[in-house]
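Any read-out appearing in this document is the output of simple, stated calculations on the displayed coordinates, not a laboratory observation. The model shown is predicted, which means the values in this text are computed figures rather than measured ones. For neighbour counting, all protein chains shown are included, and Cβ atoms are generated from backbone atoms with ideal geometry for every residue, glycine included.
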Amino acid sequence: MVSGKVTRRLSGVDAARGVALFGMMSTHIFALYVPGTAEASWVALVFSGRASALFAVVAGLGLALLTGGNRIHHRNAIGMDRRGIAARAAVIMVIGLMLGGLETNIAIILFHYGVLFLLALPFVSMPFRRLLWWAAGWLLLSPVAAYLLRPWIAETVNPPSIGGNPLWETLLEPATLLADITVTGYYPALQWLSYILIGMAIGRLPLRDKRVQLGLVVSGATLAVAAKLVSGYLLGPLGGLAALLQTPDGSRYPLAAMMSVSLTGVDQSDSWWWLAVSAPHSGSPLDLLHTGGTAALVIGLCLLATRRFESALLPLSAAGAMTLTLYAVHIWTMSVVDAQTPAPDPALVYWGQAVVFVVLGILFQRINARGPLELLTSGASRAARAGVNS
C-alpha cells in the first residue's frame, strides 16, 4: 500500500511524471532512426517530442497544485507562492548549469525548466477559464512570433545560439543566452510556455473527479489526432510539404523522415508552411497542440488507472515523485556511458537505469523521504516563503 502522503500528492500525477522521465530517457539512449535507414524507430514514434512535452505540462500542473489546485490560494498566500516558485526556479537553473558542464549529447532541459517557472509567475493566480484562454492564445501565436523573430535574431545577435547546453560562461553572453533560451535553442521558452499554461489549466480542475479524468483522456486524444490530421491535410493535398522541399533546408535534409523524429537543426524561417508541420520539436502550433493533447491524455489515463490499480503504477509514481534527482543522475550516468568504447548495449543501459530508479523511488517512498534535489528545491522554496513574513 502507498502512504497517505503519496495519495494526497495525487499518485496519478506522479505516475505521469514517471512516464515522462522514462520516455525522455529512452530518446537519450536508443537510436531514433532504424540503423542504416531513414525510418523512425519505435522509440522516436512513441516518445520523441511527446515525453519532454509531458514533462513540461506536468510541471505546469504542479505549479497549479502548489498554488491551491482548483481552490486558488488567497492573495497574500499567492504572493508567498510566487516567492517560493522563484526560489525553486533559481535552484533548478543552477542544477541545470552544473549538469551542462558534463560531456553529453543530451539537450538538458533544467535551465529552461527554471526559466519557464519564472515566466509562469504572472499566471499562478488565474482560474481555469482564464488559463485555458491564455494557453490557447499562446499556443497559436507564440510560434508565429518565433517565426518572425528568428530572422531578426540571426541578423542582430552574434552568435544567435549557444550551440549546446547553458554553461556558467554563457551567462557572460546575455544576448545570445536570451535568444537561445527563448527562441533559437532546443527548448524555446517562447513556445514552451504553452505547455506550462496547459498544465496549469489542467491543475485548476478537480483532478480526483472521474469525469474530469475521462474528459482529459477524450479531449487530449481528440486534440492530438486532430492536430495530425490538419497537418497532414495542409502538407499533403494543399501542397505544404512540396513547398517546404523547395526551401534551402528542406532540400538539404531528409525532411519527410525527420517529420516523425525531430526538426531540431532545421532552419524554419523561410516559408510560412513551416507553421503547418506537426513534427516533434518543430514548435509549430500543431506540434504544440498534438504534444499538449498527448500529455493531457497520459495524465488522464494515469489518474484513472490509479483509482483502482495504484499499486500497479507504483514503479512509475514512486520514480515520478523524485524526477529531479533521478533526471540529474541519468544525465551524469549518460556522460559516463557516452565515454565508453565500445558503446555498451543501449537496452542494458536503459533497463539498468530504469530498474535502479524504480527501486530508489520505492525505497524513498517507503522511508517517507524525498529525493536530495527535491529536498533542496523545497527547502529553498520554504525559506523564500518564510522570508515574506520576516
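Here the contact order of the stretch 49-205, divided by its residue count and restricted to Cα pairs under 8 Å and six or more residues apart, works out to 40 percent. Over the C-alpha trace of the stretch 210-308, radius of gyration and Dmax come out as 15.9, 53 angstrom. What the phi angles of the stretch 173-190 give under the Karplus curve with 6.51, -1.76 and 1.60, with θ = phi - 60°, is a coupling list of 10, x, 5, 5, 4, 4, 4, 5, 5, 8, 9, 9, x, 6, 10, x, 4, 4 Hz, glycine and proline written as x. Counting beta carbons within 10 Å around each of Arg129, Arg204 and listing the fewest first gives the order Arg129, Arg204.
Backbone amide hydrogens, once placed in the peptide plane, bring Tyr33 within less than 5 Å of Ser41, excluding anything fewer than 5 places away on its chain.
If packing is taken as the average count of other Cβ atoms within 10 Å, what order do 220-228, 175-183 fall into, highest mean first?
Top to bottom by mean Cβ count within 10 Å: 175-183, 220-228.
Remark: the chain carries a charge dipole of roughly 2120 debye about the Cα centre, counting +1 on each Lys and Arg Cβ and -1 on each Asp and Glu Cβ. Mind checking which of Leu238, Leu324, Leu297 has the largest fluctuation in a GNM of the chain, springs on alpha carbons under 10 Å? Per the Cα network of the chain with a 10 Å cutoff, Leu238 tops the list.
As a rough footprinting exposure proxy, the listed residues Tyr186, Tyr195 were ranked by other beta carbons within 10 Å of their own, and the order from fewest upward is Tyr186, Tyr195. For the stretch 355-371, 3J(HN,Hα) computed residue by residue from phi via the Karplus equation (6.51, -1.76, 1.60; θ = phi - 60°) reads 5, 4, 5, 5, 4, 4, x, 5, 4, 4, 5, 5, 8, 6, 10, 10, x Hz, glycine and proline entered as x. Taking every DSSP helix (H) stretch of at least 4 residues in the chain, weighting each as -39,500 (n - 2.57) and dividing the sum by the residue count yields a mean residue ellipticity at 222 nm of -21500 deg cm²/dmol.
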